[in-house]
Amino acid sequence: MGPHRLGVFLILAALTACSDLQQPESKPAAMATKPDTASLITAADATRNDGRLSEAIAIYQQVLVADHESVDAQYGIAECLLGTGRAGDAKPIFRALEGKEKFHALALQGVGIADLALDKREEAAKALQDAIEADPKLWRAYNGLGLIADWKRQPKVAMELYHKALTINPASAVLLNNLGYSRLLAGKPDEAITNFHKALDLDPNSETIQNNLRLAVAAKGDYAGATRNVPRDKQAVVMNNVGFVAMRRGDLAVAERLLSRAMEADPHYDDTIAKNLDQLNALKAAAR
């Protein structure tokens, strides 16, 4: 199921950015106070964990103004950059932290996840494996290796890796989604559905998990169930994706109906629907 034609998802999670900071105006020596960097790091970490990444970066930068060698602030900024899609900026910071004992394993994990985002899978696999050897409790490293195994079409390896990650972090909707998608790729829709439901129990508003659940239901041939209660603004994506699954299953009449509904819902949905319709017409012609 090519990612350019089907909206299924695996859920993924710079010092140069600090070099442009303007130093605050100096106070008279008698009034100068040294920032409480420990408290600032605590606040920044809490803000990052709450998902407010831009705010967290601003706090980490305050720390670096006072202590430009703070590895805690450097690591925090790298994680924030990674979380905001700036893997290329995050990677060199993680690399610089590999030699710091406190962050060695976490930095290797960060490099691996950044390489995954940059589509450098072999480099990512090495960094993530090194991270696990340095600290076997890094669930995100197992998750990344699971993604790589799925890309290599190694479902048993992927399943083992996701299960290892879940033993460390059992309440992760991300991991349950990725395990579900992995089982879907392996042709096990019932197992996929079970994991997607568990993931939705933890994150009921996730559109990614909802979409993947619909795909798993469609993979069982239940197209009505897969397209039930679709919000109007999601009609094109869902009908296209379920239509694609129907086409892959050989249900060409159903696929044609769903892809036509997708086109009616949003004629401007890139060229994805058109490509799927072209493939469908080729399949119909070959079947005559």
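Some observations on this one:
- Test: residue in segment 92-103 that is under 19 Å from residue 164 (Cβ atoms) and of a type outside the set (Lys, Arg): no
- Residue 82 falls short on exactly one of the conditions (1) closer than 25 Å to residue 125 by Cα; (2) over 17 Å from the mean Cα position of the chain (by Cα); (3) in a helix (DSSP H, G or I); (4) not charged (D, E, K, R), and that condition is (2).
- Flag if residue 248 is more than 24 Å from the chain's Cα centre (by Cα), within 21 Å of residue 154 (Cα to Cα) and surrounded by fewer than 24 Cβ atoms within 10 Å (Cβ to Cβ): yes
- Scanning segment 163-177 for residues that are more than 14 Å from the chain's Cα centre (by Cα) and within 13 Å of residue 141 (Cβ to Cβ) yields 164, 165, 168, 169.
One line per residue, one yes/no per condition, for (1) surrounded by 18 or more Cβ atoms within 10 Å (Cβ to Cβ); (2) in contact with a Cys (Cβ under 8 Å, 6 or more places away or on another chain); (3) closer than 25 Å to residue 180 by Cβ:
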| site | (1), (2), (3) |
| --- | --- |
| 74 | yes, no, no |
| 97 | yes, no, no |
| 102 | no, no, no |
| 108 | yes, no, no |
| 111 | yes, no, no |
| 115 | yes, no, yes |
| 125 | yes, no, yes |
| 148 | yes, no, yes |
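- Cβ pairs under 7 Å, 6+ apart, first in segment 116-139 and in a loop (DSSP other than H, G, I, E, B), second surrounded by 21 or more Cβ atoms within 10 Å (Cβ to Cβ): 118/87; 138/109; 138/131; 138/132
- For segment 264-273, the set of residues classified as within 28 Å of the chain's Cα centre (by Cα) and in a helix (DSSP H, G or I) consists of 265, 272, 273, listed by residue number.
- Failed item, numbered, when residue 51 is tested on (1) surrounded by fewer than 16 Cβ atoms within 10 Å (Cβ to Cβ); (2) assigned to a helix (DSSP H, G or I): (2)
- Segment 185-207 residues that are within 13 Å of residue 218 (Cα to Cα), paired with ones that are assigned to a loop (DSSP other than H, G, I, E, B) (beta carbon under 7 Å, 6 or more apart): 189/220
- Unmet requirement for residue 134, which otherwise passes all of (1) under 24 Å from residue 71 (Cβ atoms); (2) crowded, with 21+ Cβ neighbours inside 10 Å: (2)
- Counting residues in segment 101-117 that are assigned by TED's automatic domain parsing to the domain that holds residue 47 and of a type in the set (Phe, Trp, Tyr) gives one or more.
The values are calculated or read from the model by the stated rules, or taken from the named source; none is laboratory data. The model shown is predicted, which means the values in this text are computed figures rather than measured ones. Note: ideal-geometry Cβ built from the backbone for every residue, glycine included; neighbour counts use all protein chains shown.
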